[in-house]
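K.L.:
Supplied in structure tokens, the structure appears directly below.
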Amino acid sequence: MGTEVNRYAHMLAKYKTKLDDAEIAKEVGKILQDRAAQNNTAEVKRFLLGSVELTSLKSTDSEESVLELTEKVNDFANEYPYLPHVATICVYPCYAQIVSQSLEVEGVEVACVSGNFPSSQALLEVKVAETALAIKDGATEIDIVMSIGKFLNGDYETVCDEIMELKEVCGEHKMKVILETGLLGSMQNVKKAALLAMYAGADYIKTSTGKEKPAATPEAAYVMCKAIKEYYDETGIQIGFKPAGGINSVEDAIKYYTIVKEVLGERWLTNEWFRLGTSRLANLLLSELEEREITFF
């Protein structure tokens, strides 16, 4: 136990984790004030459309509603062949098979939230089984939630062991680890959680489930991107970033694009490394690009 604790402390000691929340807010405010306006372009909006993870994670979801969403993605590719299709359809594991069997558009991933989303409060065996079943049914990406309670109690060993085990189940399939930044209490904790998730095997780190408030914030995104950059500089391993929850406008999306561009740079500005989890943004971007109100999805 002591060796494992020292292992995580040793890893975290390589990075700057002592952060001042007010200072972070000031830095983010300056970046957005200086840079966001120049990213309000049609080209950026096209890119953002292609980075959307079209998400349906409601208690009212059904086979019919998920099939309808998938068919809309199929139809979009025919109706708007000159625009990029969304990056992903994200659903609960019980709908992985419907999406994977109905999806006709090449390059759209089938993502499933797993591991007892959104609370992550389940036995590890249950999380493993759910993840394995989602992949068996056609999920190409998995989104899990870090065990927040264990992290806040300082049990980094269990937090990382769970992530490692679930990544082993995912194998070559990309795994996103949701930090649920709104519950972490400080930017210092956001930085530590991001570093632990990456160290344990996350392919992406994601801000939020969208089920807790606050969800994604520019400040949390900034700290997570700084962590990704520092981790890349230290290890050479590139990790993707996904803000999710509370992205309610094109302006919000441009803010996150600006943060990624300024902190991480061009290397991350592809829909392989930058995703946006949202259920409403696709229609808003489409409306702005087509210069008329459209409710397609």
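K.L.:
At 1.4 Å probe radius, can you tell me the per residue accessible area of region 182-297 in Å²?
P.N.:
36 Å²
K.L.:
Quick one: ranking Val105, Val91 by accessible area, 1.4 Å probe, largest first, what do you get?
P.N.:
Final ranking, largest accessible area leading: Val105, Val91.
K.L.:
What full-extension length gain, to one decimal in nm, is calculated for Asp20 and Leu124 as 0.36 nm per residue of separation minus the Cα-Cα distance?
P.N.:
Working it through step by step, the gained length comes to 34.0 nm.
K.L.:
Taking amide hydrogens as modeled 1.01 Å from N in the peptide plane, which residues meet the under 5 Å criterion relative to Thr278, leaving out close sequence neighbours?
P.N.:
Glu53, Thr55
K.L.:
Given Cα pairs under 8 Å that are at least 6 residues apart, what percent is the relative contact order of region 18-89?
P.N.:
Normalised by residue count, the contact order of region 18-89 is 42 percent.
K.L.:
Could you put Phe241, Phe296 in order of accessible surface area, largest first, with the 1.4 Å probe and the full protein assembly present?
P.N.:
Highest to lowest solvent-accessible surface, that is Phe296, Phe241.
K.L.:
How large is the charge dipole for region 133-207, taken about the Cα centre, if only the Cβ atoms of Lys, Arg (+1) and Asp, Glu (-1) carry charge, to the nearest 20 debye?
P.N.:
The calculated dipole for region 133-207 is roughly 300 debye.
K.L.:
Next up: Go through 62-73, 158-169 and give me the packing order, highest mean Cβ count within 10 Å leading.
P.N.:
Ranking, from highest mean packing down: 158-169, 62-73.
K.L.:
Okay, next question. In whole angstrom, note down how far apart the Cα centers of region 182-230 and region 260-297 are.
P.N.:
20 Å
K.L.:
Percent relative contact order of the chain, based on C-alpha pairs within less than 8 angstrom and at least six residues apart?
P.N.:
Result for the chain is 20 percent.
K.L.:
Right, something else. Compute the separation of the alpha-carbon centres of region 5-32 and region 93-154 and state it in Å as a whole number.
P.N.:
Spelled out, the Cα-based centre of one part sits 29 Å from the other.
K.L.:
Sticking with this structure for a sec: Per residue of region 216-227, in order, report the coupling 6.51 cos²θ - 1.76 cosθ + 1.60 (Karplus, θ = phi - 60°) as ³J(HN,Hα) in whole Hz, putting x for Gly and Pro.
P.N.:
So the Karplus estimates, Gly and Pro as x, are 4, 9, x, 5, 5, 4, 4, 5, 5, 5, 4, 5 Hz.
K.L.:
While we're on this one: For the chain, which whole-number percentage of the solvent-accessible area (1.4 Å probe, protein heavy atoms only) is attributable to carbon and sulfur atoms?
P.N.:
Result for the chain: 47 percent of the exposed heavy-atom area is carbon or sulfur.
K.L.:
Let me ask you something else. Of Asn248, Thr55, Asn39, which is farthest along the charge dipole of the chain in the positive direction, counting Lys and Arg as +1 and Asp and Glu as -1 at C-beta?
P.N.:
Toward the positive end, the furthest listed residue is Asn39.
K.L.:
Rounded to the nearest 500, what is the 222 nm mean residue ellipticity of the chain from helices alone, with -39500 (n - 2.57) per DSSP H run of 4+ residues and division by all residues?
P.N.:
-15500 deg cm²/dmol
K.L.:
Magnitude of the Cβ-charge dipole of the chain, K/R +1 and D/E -1, about the Cα centre, nearest 20 debye?
P.N.:
In debye, rounded to 20, the chain gives about 1000.
K.L.:
For region 263-269, what does the Karplus curve 6.51 cos²θ - 1.76 cosθ + 1.60, with θ = phi - 60°, yield as ³J(HN,Hα) per residue in whole Hz, taken in order and with x for Gly and Pro?
P.N.:
Karplus-based 3J(HN,Hα) across region 263-269 equals 8, 9, x, 4, 4, 9, 8 Hz.
K.L.:
In addition: Karplus couplings for region 201-214 from phi (6.51 cos²θ - 1.76 cosθ + 1.60, θ = phi - 60°), rounded to Hz, Gly and Pro as x?
P.N.:
x, 4, 8, 9, 10, 10, 5, 8, 7, x, 9, 10, 10, x
K.L.:
Same structure again: Could you do me a favour and compute the accessible area per residue for region 1-61, 1.4 Å probe, result in Å²?
P.N.:
Accessible surface, normalised per residue, equals 60 Å².
The values are calculated or read from the model by the stated rules, or taken from the named source; none is laboratory data. Everything numeric here is computed off the predicted structure, so don't read it as measured data. Note: ideal-geometry Cβ built from the backbone for every residue, glycine included; neighbour counts use all protein chains shown. These area figures cover heavy atoms from the full protein model, side chains too; ligands, DNA and RNA do not enter into them. Shrake-Rupley method; radii C 1.70, N 1.55, O 1.52, S 1.80 Å.
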